Amino acid sequence: MPSSVDKLLSKLKIHRKAPPEDLPEYPYQPLDTSRDEIRLITLHPGKYGNPILISIHHAPLVPIPEPPGRMTIEELRETMPYGWEAHETFDGRYFFTNKDIKSSYNDGSAIRHAHWNHPDPGFDRSKYRNLGPDRSLTKVQFEALSYVWGPKDDGYYVTVIPKATITDSAARSCVKEKGKQYNIKTRSNLYKALQCMRETRRSRIFWIDAICINQADIPERSLQVRRMGDIYAFAHRVVLWTGFSDNMNSDKSTIKSLEGVSHGIVAARDGFVCIDDVNIAFSTLHRSLKNKLGTSEIRQLVEFFNSMYFWRLWIWQEMRLSTRRSIIHYGFSQIPFHTFAVAVSRIATNGKRINPALINDAGQIFQLLRSSNIDLELLQTASQRDCENPRDKIYAILGLLSPSFAQKIRPDYELPIDAVYRDCFLAHLNLTARLELPFTYCRQKGRTLTGPGWIPDFSNPPAWISAQYFSAAGSSSSETWISGELGDVLNVVGVSCTTVASIAHHADDVGGAKTTFSTLRRWYNFALGSSSSLGPIDNKDMESFCDLLLDGRVRDRVVNAFSTMTLDETRARIQPLLNLPLADTANDDQEHYSSIAAEYEYLIQGRSFLRLTDDKIGLGPEDSEPEDLVCVFLGACRPVVLRPAANGKFRIVGECDILGLRDGEALLGPLPSPWRSILGILADGFLRLGFRRHGTEEFELEDPRVDPISEPWERMDYHRERHDPKFFEKFRNKDTGEVINSDPRMLPDALRARGVNLRTFSLI
């Protein structure tokens, strides 16, 4: 059904769906790469509904060196006293928090207070307060437009005229001149954006990819894509055009709701959310949030968060690179980007105190905004976003990837998709010395690639992607090499652990909440080896089941994570459902059952419950079969299910989670009592793998299963970089100066000396 905006446009006769007579297509002139040129457009003034007139010119994108100023956030964190942390807001300000100064919710989670002065009163304020003047980052000041291309359609034509600073009336007269004007065809969404962005008296200078890149010139397109990160980072501001609401009157009220939600809150780029002013009562903030978001406001926000804009992959890079001057445009209304980011962060971290659907939608955007992402997490999230060209699953995030990783990838739209994904996988493998890119991307169901099965298919993401909260190969590094005449065989070193004995698949023949609960019941019975009739539920068995179901994302394992539940809390929530008659869950309109089903539905998609020949249990790929091998590769986060193929080679079925194979047991054996493995969330938002004795709070880095580090190796302190593996430690050889990101006690020769039966798996 056409929106109110489309109906309005259809009434405006001057909108050109056919090219004006005698105006040829705009002839693009080559960019001078020696001068680092880009194209910019001048959007000439005009009233809404009048023809769009632009001029196009070339300009060098040369950044102006930043003058010496305040400390970086990393430098500032080095000055923090014990218990204090430093964070950076979306508009570039620094604030400080103390873990002991906070307010608590009834469920035990807490929110800290933001402080704007360094905890050391004698610390020089100019080193962290000075943002500098509102200066341009390049010699040419321009705005960069972030928007959704939208589906291919008849579109509209804009007219290119000679560059000039002209009034609306002068522009209309200029169009009448012959031989100086050209046409460029745009898709409908861009045309609507230009109509809204245009001012009535003043020209604006924009960089817009659809116009400023010659889309028909593939070499230029490949080159300019490499520069898009710099273009958005160096723009005076980014204008994020999210489109129109179906109801033109709701854009103002949506923006008003976002402004109200952001009141009294500070949000950091690393995902930290705090109370802005300690003089504002916490209960007042909580109460005001509920009052500001009634049924109508929630419906409008859900519609806004679900717009096509927030699902487009390219906007992720554009949002994250936005400057403190950037704005969000929703219809004819706008809001500062940092205010929008604070509102989203607050809604996403507010638990279930508002509306589950709204929390989920805000959470999706919240993950895009966070800066504490390593390359692995960026690739995983990018695979789940929409883009027109499958190559852009990689190319669209080059501006966000670490420089070490990004420089290994050179955009080339003439390369086959298989080659793009293969090069990305091998670049990540060589950089990290880890096989941590999830092998769930290698599943055969829905696979579109024609090359070797070990190449991840980022264009076919599974419904469930692991969070990589485990270190199945401990702190080892991968041992791999390529072979075969066509370079199509990936050889990996690892250990064969066990074999699939039997499988319980997902219950996909019922639908809705009933399917979720039916699957949970089937899997639990299968785990116990019982019939379809549930007997008494043992607490220990139930905890193991919940641990598998939640993929280890429980507070018992991930400490300092207030957003997760403990195993006891999870067991108490799931156990009653297993005894509930399925008929009671059939009505999906029942809010209680529907909300619970939504929490667990994604955890069962694409997976099956496995019972192994050594009596271990776990969750694995939905297309697992009896006699499939379960192996652990050196440098891998999780075990992998393999299927024997011809000539002693193997095909990847996918990743699995096996109790007893999560944390190096395949190489080092089980952890001795009373030790257990945990993940600690550090001040910079990253996770670190460690160990803890039961009943204590001490976080130990040393694995109790290995001997103390011996000469000439020593453990190093380090600062995590975005190209680093998810879990690693650094060690230095004092004799040679060599630095490695794995434990020398887990090098292949050291493992063989321990009696580990390492072997080579040739993957096709």
Fully extended contour minus Cα-Cα distance, from Arg754 to Lys252, at 0.36 nm per residue: 174.0 nm
Eligible aspartates and glutamates near Lys256 by straight Cα distance, threshold 19 Å, same-chain separation 8 or greater: Asp246, Glu297, Glu303, Asp361
Where labels lie 7 Å past Cα in the beta-carbon direction, separation of Ile101 and His694 in nm: 3.9 nm
Gyration tensor verdict on the range 683-728 (Cα atoms; rounded if a/c is under 1.5, prolate if a/b is larger than b/c, oblate otherwise): oblate
Total charge dipole magnitude, the range 415-472, about the Cα centre, Cβ charges on Lys, Arg, Asp, Glu only, Debye to nearest 20: 160 debye
Given charges at beta-carbon only (K, R positive; D, E negative), |dipole| of the range 173-255 in Debye: 340 debye
Electrostatic dipole magnitude of the range 395-519 [Cβ: Lys, Arg +1; Asp, Glu -1; Cα centre; debye, to 20]: 300 debye
Gln575-Lys540 FRET efficiency (beta carbon distance; Förster radius 22 Å; 0.05 resolution): 0.95
For peptides 646-657, 668-679, sequence by mean Cβ density within 10 Å, most packed first: 646-657, 668-679
Simple spin-label estimate for Asp124 and Arg226 in nanometres, 7 Å along Cα-Cβ: 3.9 nm
Length released on extending from Lys730 to Thr499, taking residue separation times 0.36 nm less the Cα-Cα span: 79.8 nm
Global geometry of the range 426-471, whether rounded, prolate or oblate, following the gyration tensor of its Cα atoms and the 1.5 cut on a/c: oblate
FRET efficiency estimate (nearest 0.05) - Cβ-Cβ, Glu388 to Tyr48, R0 30 angstrom: 0.60
Distance between modelled label sites at Ala463 and Asn117, nm, 7 Å Cα→Cβ extension: 5.5 nm
Contour excess over end-to-end distance, with Cα ends at Asp154 and Gln367 and 0.36 nm allotted per residue: 73.2 nm
Förster radius 45 Å - calculated FRET efficiency between Thr295 and Ser402, Cβ distance, rounded to 0.05: 0.55
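Readers should treat all values here as calculations from the given coordinates under stated rules, not as data from a laboratory. All figures in this text were calculated on a predicted structure; none of them were measured in a lab. Glycine gets a Cβ as well: all are built from the backbone with ideal geometry, and neighbour counts include every protein chain shown.
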